[in-house]
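Peer 1: One structure, as structure tokens, below. Some questions next.
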């Protein structure tokens, strides 16, 4: 446990010793503002809620989360520091979890810094704050799903660019699986159970459910299983690379 905490602290600190973290946060805050007030037509909707704000989170995470995760293991392998990491008295599982939690904490910090949005909507009207809180929780959990995929892919290659591209493609597939245009391709020949199963893999399906203010255990289990699976694969990949 001490090793896990040490790696966690080292990784989290590393985000803030370079300008990369601050650039990411500024871009994230800027893009959320653009999507909410311009593309989301926040004022034109005349509704005191943050639905326009959360609506675009899956699309923001699609590119921004892989940008965070691409360095988690690719950078370690390229610099050779992974060899040093493997000599520490800490299990590979602890190392994978620690690096993942550090990246997730950094993402949470960026999300928390959007709190002026919440203050603004309360100033303008009387929103359902329980729904907003559930949406924030759902957004953070969904970000964890994106991040687990990105972390796993990062362990496959020394190239951060390749890691970024593959992560975006896989995450995009997880988003698209719930789109009507994708489900329509199966509607004419596949049974409803198959269509429902495909839709259930989509981030959008589960995040949209949480955005309504109801944190269903099925959605929590989905994201928990997704994160656990990809982190497990991450551990297996690092184990194999260590063996090489």
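The values are calculated or read from the model by the stated rules, or taken from the named source; none is laboratory data. Computed from a predicted structure; not experimentally measured. Neighbour counts are summed over all protein chains in view; Cβ atoms, including those assigned to glycine, are modelled from backbone coordinates with ideal geometry.
Peer 1: Given (1) in contact (Cβ under 8 Å) with a residue 40 or more places away in the chain; (2) more than 13 Å from the chain's Cα centre (by Cα); (3) under 21 Å from residue 223 (Cβ atoms), identify the lone condition not met by residue 147.
Peer 2: All conditions pass for residue 147, except number (2).
Peer 1: Kindly provide the set of residues from the range 150-162 that are within 17 Å of residue 104 (Cβ to Cβ), in a helix (DSSP H, G or I) and more than 9 Å from the chain's Cα centre (by Cα), ordered by number.
Peer 2: Matches in the range 150-162: 151, 152, 153, 154.
Peer 1: While we're here: Given 110, 21, 95, which one is buried (at least 17 other Cβ atoms within 10 Å of the Cβ), at pLDDT 85 or above and farther than 22 Å from residue 206 by Cβ?
Peer 2: After applying the criteria, what remains is 95.
Peer 1: How many residues are in contact with a helix residue (DSSP H, G or I) (Cβ under 6 Å, 6 or more places away or on another chain), assigned to a helix (DSSP H, G or I) and at pLDDT 75 or above if we restrict to the range 173-203?
Peer 2: Counting residues in the range 173-203 that are in contact with a helix residue (DSSP H, G or I) (Cβ under 6 Å, 6 or more places away or on another chain), assigned to a helix (DSSP H, G or I) and at pLDDT 75 or above gives 4.
Peer 1: While we're on this one: Scanning for something out of contact with any strand residue (DSSP E or B) (no Cβ under 9 Å at 6 or more places or on another chain), closer than 21 Å to residue 205 by Cβ and crowded, with 20+ Cβ neighbours inside 10 Å, does the range 118-132 turn up at least one residue?
Peer 2: Yes, because at least one residue in the range 118-132 is out of contact with any strand residue (DSSP E or B) (no Cβ under 9 Å at 6 or more places or on another chain), closer than 21 Å to residue 205 by Cβ and crowded, with 20+ Cβ neighbours inside 10 Å.
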